[in-house]
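Accompanying notes for the structure given below.
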Amino acid sequence: MLKIDGSLLEGGGQIVRTAVALSAVTGTPVEITRIREKRKRPGLGNQHCAAVRAVAASCDARVSGNAPGGRTLQFLPGLVTNKEVTVDVGTAGSIPLIIQAWLPVALEQGGSLEVRGGTEVPLSPTIDYLTEVFLPALGPLAGGVAVEVGQRGYYPAGGGLVRVRVSPSEPEPVRVMIRDSSGIRSCSASLPGHVAERQAASAASVLAKHGEKFPVSIQRTGGPGIGSSCTVWKGAKGSSALGRIGLPAENVGEAAAWGFLEAFRSAGETDLYLGDQLLVYLGRYGGAYTTGALTLHARTVCWILDLFGFPVSVREDGAVEFSA
C-alpha cells in the first residue's frame, strides 16, 4: 500500500483528490495520513468526502476513514467500469473540484456523474471556468465530455446541480488547445436582474480600456441560495470573482476582468490554475505545455504523480514548462 503524508507541500484537499484518482486508474491501494493537518479545520471536509465517494463508486473501491474530520483515509480500488454515479455534498462544497477528482477515472471507461453542491464557491474554479477554459484546453481528451448545469449553487446554501457524461477517451498527449474563444459570463441567483448586468458591464468596461472586446452572456436563476459570479476567459486563460453581501456588483466584474488581464499578460500558454489542473493528464498521457510560474499546488501534484510512477519534468526559463 502506498502511504502519503497529507500534510506535506500544499497540505490540503488537492492531495486527497489527486491521490484517490491516481489510485483508481492504476489499481494502487493508498493510505493518506495527517490529512489537512495544518488547516484551520483539519481533516476531511464534506467536499473531500464527496470527491472520494465519486471516485470510489467508479472503481468499486473499499474505503475506510472517509468521514468529515477524518485524518487518515485508506482507499483500496477495484476495477474501473462505466458507472452512473450520484453524489450530494450536503453543503456548498465545490462541484468543479469533485469533477476534477472524478474525471480522470471516468475517462478510462466512460460514465456519468450527477453532483449536488456549489457551482461557484470561494477557493475553487467556477463551473464556467471548467466548461470554458479547462475542458477546451484538454482538447481531444475532453471530446466526449458533456456538462449540463441544471442549477447554480452559491455559498453557503449550495443546492447547485451539475450532470456530466463522459465517453471513454483514447490516450493522447496533452497539447493545450489555444482557441480564439473568449467571453464574459455573469450569473446571479435569487437577485435582481440588474446585478448580473452591472457585473458584466463593469468587466466589459475594464477590458475595453485595454483593447479587448469579449462577447457577454448573462444567466439569472432562482434556487435555494443567493449569490453571483463573473467569469472572464480567452483561450487557455481565465479568471473569476464572486459576489457577496455589501460588495457592489461593479467590483465583482472589475475583479474578474483584472484577474484575467493579469493572467493573460503572464508568460506561458495557460494561467496558473489551469497549469495545475492539467498535470494529472500530462503525467498519465505525456505531452508538454507552459505556464507562468511553478506554484505550490503544481509542485504538490508533481510530487504525487512521481509517487505513482508518473514523473513530470519541470523546466523554469521565464515561463515554466511541464513535460512528460
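The values are calculated or read from the model by the stated rules, or taken from the named source; none is laboratory data. The structure displayed is predicted, hence computed values, not measured ones. Note that we place each Cβ from the backbone using ideal geometry, even for glycine, and neighbour counts take in every protein chain shown.
Side notes on the structure shown:
- The helices (runs of 4 or more DSSP H) found entirely in segment 210-324 include none that carry 3 or more residues being basic (Lys, Arg) and under 30 Å from GLU108 (Cα atoms).
- Which numbered condition ALA241 misses (of (1) among the hydrophobic types (A, V, I, L, M, F, W, C); (2) outside the structural domain of PRO136 (by TED's automatic domain parsing); (3) surrounded by fewer than 24 Cβ atoms within 10 Å (Cβ to Cβ); (4) at pLDDT 95 or above): (3)
- Set PRO122, PRO156: member being surrounded by fewer than 16 Cβ atoms within 10 Å (Cβ to Cβ), touching a strand residue (DSSP E or B) at 6+ places or on another chain (Cβ under 7 Å), within 28 Å of GLU250 (Cβ to Cβ) and not β-branched (Val, Ile, Thr): PRO122
- Note on segment 218-235: among residues that are crowded, with 24+ Cβ neighbours inside 10 Å and among the small types (Gly, Ala, Ser), the one that is nearest to ILE127 (Cα to Cα) is SER229.
- Single residue of SER217, SER229, SER240 found to be polar (S, T, N, Q) and more than 21 Å from PRO156 (Cβ to Cβ): SER217
- Count of residues meeting criterion [under 15 Å from the mean Cα position of the chain (by Cα) and modelled with pLDDT under 95] in segment 138-149: 2
Results for (1) free of Cβ contacts under 8 Å to residues at least 40 places away in the same chain; (2) polar (S, T, N, Q), shown as yes or no for each residue.
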| position | (1), (2) |
| --- | --- |
| CYS230 | no, no |
| ALA236 | no, no |
| LEU247 | yes, no |
| ASN251 | no, yes |
| GLU254 | no, no |
| ALA267 | no, no |
| LEU282 | no, no |
| LEU296 | no, no |
| LEU307 | no, no |
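- All positions within segment 153-164 that are within 16 Å of the chain's Cα centre (by Cα) and not in a strand (DSSP E or B): GLY153
- Residue in segment 180-192 that is assigned to a helix (DSSP H, G or I) and touching a residue at least 24 places away in the same chain (Cβ under 8 Å) present: no
- Lone unmet requirement of (1) of a type in the set (A, V, I, L, M, F, W, C); (2) buried (at least 18 other Cβ atoms within 10 Å of the Cβ); (3) in contact with a helix residue (DSSP H, G or I) (Cβ under 9 Å, 6 or more places away or on another chain) for PHE264: (3)
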